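Heads up, the thing below is written out as structure tokens.
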């Protein structure tokens, strides 16, 4: 009797197939999930070849190892398709940074609050930092006040992961989206950002903060 053996390009996989299976005895499960009993690996391979299918070792740690008769190529195709779909549905959470200076104008501050809400509603975390120019570093409390006001205006859209903390020449705060369905973002109320109390030159005060 001449047996037609299927040769697959995939050979060195986690699952052993066909001639790679050299156990003395294996428990065989047929393509219809019925048990064929314990037999030699060679006899199991013959049984698979007669159905023009493959013998795949699915439980190598069992005693005896369990092998299943299946279309291995089709199995791998479906497995890769499932993994691709899983990756497609996964979303990488990013940390978006929102930067401002301590001498920020009210309308710029409100715009950055709206931007932060959009990031949070999109599922991203945010890092809000308040930087200081030159002599403004003498009043770090202004940075903390800005971050506290920012957290107040963000409201229920987020939770604070790391409260305001001084890092170098900037005050920093980390926030992440609140679990559950976020409420619809409201338009920020008109608020006046804390005034900067510094004796900085007029030229410095007239500088517009960069984002």
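With R₀ set to 45 Å, the beta-carbon distance separating residue 79 from residue 159 gives a calculated FRET efficiency near 0.75. Dimensions of the range 63-118 along the principal axes, based on C-alpha atoms and rounded to the nearest Å, stand at 73, 25, 12, largest first. Within the range 18-72, DSSP assigns beta bridges of which about 75% are antiparallel (rounded to the nearest 5). Could you grab the Rg to Rh ratio for the range 43-174? Cα atoms only, Kirkwood for Rh. Radius of gyration over Kirkwood radius for the range 43-174 works out to 1.46. Place a point 7 Å from the Cα of residue 97 along the Cα-to-Cβ direction; which residues of the range 125-153 have their backbone N under 17 Å from it? Under 17 Å, as judged by backbone N against the label point of residue 97, lie 125-133 of the range 125-153.
Coordinate-derived values only; no laboratory data. The model shown is predicted, which means the values in this text are computed figures rather than measured ones. Note that we place each Cβ from the backbone using ideal geometry, even for glycine, and neighbour counts take in every protein chain shown.
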